[in-house]
Structures are given as C-alpha cells and as structure tokens.
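Take a look at the structure below.
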Amino acid sequence: MIDAVKVIWISLFMSILSAVIICFGFYFFIMPKLPPPAGWGITKEAVKETRTKIEVPDLKGVHPNQAKLTVEQKGLFLVVDGEEPSGEYPKGVIVRQSPLPGSVLPEGGIIHVYIAGEGEKKMEEMVKIPFVKGLQLSAAQNQIINTGLVIGEIKKVNSDSIPKGYVIKTLPAEGSNVAKNTPITIFVSSGASLVIVPNLVGKYFPGALSLLERRGLDAGKVKRVLSTEHPENMIIDQSPRAGKKVPKGTKVDIVIATVEEELYY
C-alpha cells in the first residue's frame, strides 16, 4: 500500500515538472519566433502617428471668437492664456500664438494664444504755456504757436482794465505745463462793459451823482444855466442822452438850472 502511494506522488511530481519544462521552453524558445497577435505591441507614440496631421493656421490679428471657430473646424482647440500690450495690433485681437503658423498638430491639438491689451503709452512731450496777458491777440497767437501749442477758441469778453483787442487770459492758465499740441483758448478784451446812461433830467445834482456811481459812470462837466422855469440845482440837460449804451467809466456832462441873482453873485 505504501509503495502504491509513493508511485502516485512520484508520478504527480514528474507530471508537474514536465509541464514546467514545456512552458519554459515554449515561452523562451518558441513564442519569440511566432508573429504577434493583432493589437499587441502598439505604443502611445504609434497611436499618435496614426492621427490626422493638421497645419496650424495664422491667427495673429484675428478676434478670439473667429479664431475659435476656425481652429475647431480644423479639429483643433484654442486656449487664451492672457493679455499683453501691443503697439502693432488693436486691443482685443490675437497678437501671439504657440505653435507658430505652419506648424503641424495631431487632431485634437491645442493652440495657445495671447490677446492684445492696452498698448504702451508713449511719454508725451510737455511744454509751458507762455505768459501772453496784456499782449495784442496776434502777438499772443504767435507766442503760443511757437511754443508748440495749438490755438483753440478765441473768446471775446468785456474788461474794464484790459483795452479792446488785448489778451485777458488763457485756458489752461499761463505757466501751466501741458502736452505738446494742446489747444489753448484765448480770452480777448472787447472793451469795457457797456451800461445804459440813466435819465438825469429833472433830478437834483446830489441824487444824480449817486445814480451815476451805481451805473459805473462819472460826472463830467457841470454847466449852470439861468432858468426861470426850473428850480435851483435841478438838472435840465445831459450828454450823452439817457438810454445810450456807453462803456463803464464814461463821463456824463450835465446842465443845472440857476436863478439870475446867484448867477451874477
């Protein structure tokens, strides 16, 4: 009985050993010589090689929305990586891309782009507005132009201190630092303000003086004339006439009534 068991175990061991030797020989000596089954041994690189090759278009100067449509129609994708200043392209269009135009990408490849932002501002040349107050208009214009500035509006305003045709001020103000070619508005005197001469006839001299002062006018020559029809010191005539427009500071001559006795006193 024992011998029979030994025979069985020996037979089992030899069977296992034979199977191991056969598998070893098949794996190392026979299998390498056989052709690989379909689908075996294909790498990722080989898969990429089988994809459709697509040429990268030139997207510079194109709006991102239009560029997105263009690349997607070709089977590619667009990614906007940010903005960068550009003095060549207007704001909002593509200024840089990667890969460059003409490169080749597989289907589904990604094109990275940058959009034009605010352009770099050049430093403007600054100049000082010349002092032209009190100059005649033509002389002031010449000085402003020679400084590198531009004549803007010419505005005429009344002035009690600056003669007609002479500069009162500029806008921006004289002495200011402004960019070259800035338009300068010039305010020119059109003369003193005009006021209406009041009616002094029938009024007495002290009251007439107050009325003239309130209008910005002065009393001129005072002439006394003998009159039997008007009270003493009543104004009976004036020049300029009432209602006339004259510059402030104009002198108004008046004629005052007097009686004969005081006239020859």
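The values are calculated or read from the model by the stated rules, or taken from the named source; none is laboratory data. Note that this is a predicted model, so its numbers are computed, not measured. Virtual Cβ from ideal backbone geometry, glycine too; neighbours counted across all protein chains shown.
Any residue at all in the stretch 181-204 that is touching a residue at least 24 places away in the same chain (Cβ under 8 Å), surrounded by 18 or more Cβ atoms within 10 Å (Cβ to Cβ) and in contact with a Phe, Trp or Tyr (Cβ under 9 Å, 6 or more places away or on another chain)? Yes, there is a match, as at least one residue in the stretch 181-204 is touching a residue at least 24 places away in the same chain (Cβ under 8 Å), surrounded by 18 or more Cβ atoms within 10 Å (Cβ to Cβ) and in contact with a Phe, Trp or Tyr (Cβ under 9 Å, 6 or more places away or on another chain). So is GLY220 at pLDDT below 95, in contact with a Gly (Cβ under 9 Å, 6 or more places away or on another chain), closer than 18 Å to LYS244 by Cα and not in a helix (DSSP H, G or I) or not? In short, no.
When the strands (runs of 3 or more DSSP E) confined to the stretch 134-202 are screened for residues that are of a type outside the set (Asp, Glu) and closer than 30 Å to VAL255 by Cα, those reaching at least 3 such residues are found at 194-196.
Let me confirm something: among GLY102, GLY109, which residue is farther than 30 Å from SER161 by Cα, among the small types (Gly, Ala, Ser), surrounded by fewer than 15 Cβ atoms within 10 Å (Cβ to Cβ) and free of Cβ contacts under 8 Å to residues at least 60 places away in the same chain? Exactly one residue qualifies, and that residue is GLY102. Of the conditions (1) modelled with pLDDT under 90; (2) assigned by TED's automatic domain parsing to the domain that holds LYS133, PRO206 fails just one. Which one is it? Here PRO206 meets the rest and fails (2).
Can you tell me which of (1) among the polar types (S, T, N, Q); (2) modelled with pLDDT under 90; (3) under 30 Å from ASN146 (Cα atoms) is the one SER193 doesn't meet? SER193 satisfies every listed condition except (3).
Of the residues making up the stretch 160-176, those that are among the basic types (Lys, Arg) and within 13 Å of ALA192 (Cβ to Cβ) number 1.
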